[in-house]
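I have placed the structure first, in the form of structure tokens, so that the comments after it can refer back to it.
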Amino acid sequence: MSRSLSILGGWLLLVALAASSGILAPPGAWYAALEKPPLTPPDWLFPVAWTLLYVLMAIAAWRVTLVAPAGQRRRALTPFVAQLVANGLWSWLFFAAHWMLIGLLDLLLLWGLIVWTLVTFSRYSRAAMGLLIPYLVWVSFAAYLNAAVLVLNFPAG
């Protein structure tokens, strides 16, 4: 039991590291001044949604870590770690560097990596795969927002 909780704690820490990019590169005045598309949620919703999604992500990775045979864990978790890297990059690309197009390309890469993760996780745990479905939906919505902000503010972006 303590080993299982240690594994969960490790995944929560790794996911928190990816999440910290959003803290280190907040939207700020630049983003506030941009024209936003219809369906843009209120600002308070983003940290709430992301917190929930990050917790679900950590639980999914934890579940796969527990059920994947030892010799297959690396292969099972590689797409998950790859998508965490792409996820962590986005805030810096979009909010800190103001590279809206590169941010959108990162989101498209992230989307593909999430799909790869879903397919891989489904081989080990349908529950783990299911925990990531809201994440894919949210990233799809984020891609719409990123693309729309880019178009609405072109060529400023």
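The values are calculated or read from the model by the stated rules, or taken from the named source; none is laboratory data. Nothing here was measured: the structure is a model prediction, and the numbers come from that model. All Cβ positions, even for glycine, are placed from backbone atoms using ideal geometry, and neighbour counts span all protein chains on display. Protein only, heavy atoms only, side chains kept; ligands, DNA and RNA dropped before computing areas. Shrake-Rupley method; radii C 1.70, N 1.55, O 1.52, S 1.80 Å.
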inquiry  = Probe radius 1.4 Å, ligands and nucleic acids left out: which of Thr117, Thr51 has the largest accessible area, and how do the rest follow?
reply    = Thr51, Thr117
Local net charge near Leu66, Cβ-Cβ under 10 Å (Lys/Arg +1, Asp/Glu -1) = +3
message = How charged is the neighbourhood of Asn153? Take every other residue with its Cβ under 11 Å from the Cβ of Asn153, and add Lys/Arg as +1 and Asp/Glu as -1.
response = 0
query = From the square roots a ≥ b ≥ c of the eigenvalues of the alpha-carbon gyration tensor of the stretch 37-135, which class results: rounded (a/c under 1.5), prolate (a/b over b/c), or oblate?
reply = prolate
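Under the 0.36 nm per residue contour assumption, what length would be gained going from the current alpha-carbon distance of Phe46 and Leu108 to full extension?
20.4 nm
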task = Calculate the dipole size of the chain relative to its Cα centre from +1 charges on Lys and Arg beta carbons and -1 charges on Asp and Glu beta carbons; express the result in debye to the nearest 20.
result = 760 debye
task = For the chain, find the longest principal axis of its Cα atoms and tell me its angle to the long axis of helix 100-122, 0 to 90°, nearest 10.
result = 20 degrees
Residue of Leu39, Leu84, Leu107 that the Gaussian network model of the chain assigns the largest fluctuation, springs spanning Cα pairs under 10 Å = Leu39
Extended-chain gain in nm, criterion 0.36 nm per residue less alpha-carbon gap, Trp116 and Thr78 = 12.7 nm
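Quickly rank 24-30, 129-135, 64-70 as a protection proxy: mean count of other C-beta atoms within 10 Å, highest first.
Put in order of decreasing packing, that is 129-135, 64-70, 24-30.
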request  = Apply the Karplus parameterisation 6.51 cos²θ - 1.76 cosθ + 1.60, with θ equal to phi minus 60°, to every residue of the stretch 136-152 and state each ³J(HN,Hα) to the nearest whole Hz, in sequence, with x for glycine and proline.
outcome  = 4, 5, 5, 5, 4, 5, 4, 5, 4, 4, 4, 5, 5, 4, 4, 5, 5
query = Relative to the longest principal Cα axis of the chain, at what angle does helix 73-91 sit, 0 to 90 degrees, rounded to 10?
reply = 20 degrees
ask   = When ligands, DNA and RNA are left out and all protein chains stay put, how many square angstrom of accessible area per residue does the chain have with a 1.4 Å probe?
value = 53 Å²
